[in-house]
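K.L.:
I have a structure here, written as structure tokens, and I will follow up with some questions on it.
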Amino acid sequence: MAVYAVGDVHGSLPELKSLLTAIGFRASRDRLWFVGDVINRGPDSLGTLRFIRDLGDRAITLMGNHEARALMGLSGHGDPLFDSQMGFLTQAPDVEEWYTWLRGLPLLHHDPELETVMVHAGVHPDWTLEDAKQRAEKLHEILEDDEQIGPFFSDAEKIFSAVEEDATACLNFSNADLKNATNCLRFAFSVMTRIRLCEEKGRLVWSNPALTSAKSDLLPLRPWYELVKWPEGLQVVYGHWAAAGLNAKGRFLGLDSGCVYGGQLTAVRLDHPGKPLIQVPCPCYVAPEAG
Ligand SMILES: [Mn+2]
């Protein structure tokens with residue numbers, strides 16, 4: 001059996017099929033891990049969803065920020081981007097089935113045997129591995145619960161805006177009262193699906209203008225993974241950061257190599273000691289943007 005992690009597909013089904021041919025993927029024996037953001041921007045989001053769903057338990061797919069936006073919209077808390085981007089879902093005859101499928105996507109996957117963690121964007125530098133897993137499990141429980149998912153998404157501001165003031169208070173959310181716990185979990189949801197840069201002390205920087213801002217109060221900025229203090233032997237696979245491109249230098253392995261922007265779609269074989277990378281080229285489906 002071979003285990004491959006695949007970077008952000010973004011609806012690029014032809015390129016995903018080319019990649020699987022290039023790695024010699026055998027559905028009868030091999031496994032695929034998708035870092036999330038399998039939908040949007042590319043030519044065939046619905047086809048990509050169907051392809052991955054039909055892999056059944058041979059694929060593990062994480063929640064990316066694009067799946068999160070889809071899920072929020074389908075739960076009745078959409079924003080203008082949901083309306084403009086998610087027609088492939090809202091007009092699909094099996095939209096109810098996709099709502100259920102999206103609700104089941106985990107925020108984080110840890111395989112102790114492979115000593116590997118996968119998360120879409122990243123984790124907060126203050127979290128231990130157990131902290132991250134605890135939050136991901138609680139979020140999974142909320143998203144699958146009919147009574148909890150609506151209230152959880154009801155405050156979109158807390159999901160899509162900077163809520164770093166909740167970070168410190170959230171290190172042990174089980175001790176917080178319900179309101180704070182909900183905001184802690186919204187914060188965790190936001191971090192795992194959207195984090196890129198942090199200040200040295202761990203304060204998150206969400207907005208893209210900050211990437212080029214010379215404002216002294218925003219500098220110096222560091223990639224989240226440079227501040228994480230997890231055990232050395234643990235490998236962390238993530239996506240989400242197309243603007244930074246492939247990161248294959250250390251144990252933090254960034255696989256978003258900008259497929260929809262004319263870059264590559266990347267897979268890495270996780271169970272092989274050399275961690276070989278396989279890439280296929282992609283046409284430019286959309287103009288580059290940081291998102
Ligand atoms: Mn993303």
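K.L.:
Pairs of alpha-carbon atoms within less than 8 angstrom and 6+ residues apart define the contacts here; what relative contact order does the chain have, in percent?
P.N.:
The normalised contact order for the chain reaches 23 percent.
K.L.:
Here is a further query. With respect to the cross-link table entries LYS138/LYS249; LYS229/LYS249; LYS158/LYS229; LYS133/LYS179; LYS158/LYS179; LYS158/LYS249, which display a Cα-Cα separation exceeding 23 Å?
P.N.:
LYS138/LYS249; LYS158/LYS229; LYS158/LYS249
K.L.:
Only Lys, Arg, Asp and Glu count, each charged at its Cβ (+1, +1, -1, -1), so figure out the dipole size of the chain about its Cα centre, rounded to 20 debye.
P.N.:
For the chain, the charge dipole is close to 920 debye.
K.L.:
Report the Cys residues of the chain lacking a disulfide-compatible partner, meaning no second Cys Cβ under 4.7 Å from their Cβ.
P.N.:
Lone cysteines by the Cβ rule: CYS198, CYS284.
K.L.:
If you look at just the Cα atoms of region 4-52, how large are its Rg and its Dmax in Å?
P.N.:
For region 4-52, the Cα radius of gyration and maximum Cα-Cα distance read 10.3, 31 Å.
K.L.:
Count charges around GLU157 for me, please; just the other residues with Cβ under 12 Å from its Cβ, Lys/Arg as +1, Asp/Glu as -1.
P.N.:
Its environment carries a net charge of 0.
K.L.:
Another question, if that's okay. Dividing the convex hull volume of the Cα atoms of region 91-159 by its residue count, what figure in Å³ per residue is obtained?
P.N.:
Each residue corresponds to 135 Å³ of Cα convex hull volume.
K.L.:
Test of understanding: in a Gaussian network model of the chain with alpha carbons linked when under 10 Å, which of HIS240, HIS66, HIS120 would top the mean-square fluctuation ranking?
P.N.:
Its mean-square fluctuation being the largest, the pick is HIS66.
K.L.:
Would you mind computing Rg(Cα) / (2.2 N^0.38 Å) for the chain, counting N as its residues?
P.N.:
Dividing the Cα radius of gyration by 2.2 N^0.38 Å gives 0.95.
Values in this text are rule-based calculations from the coordinates and carry no lab data. Keep in mind that this is a model prediction, so the values were computed, not measured. All Cβ positions, glycine included, derive from the backbone under ideal geometry; neighbour counts span all protein chains shown.
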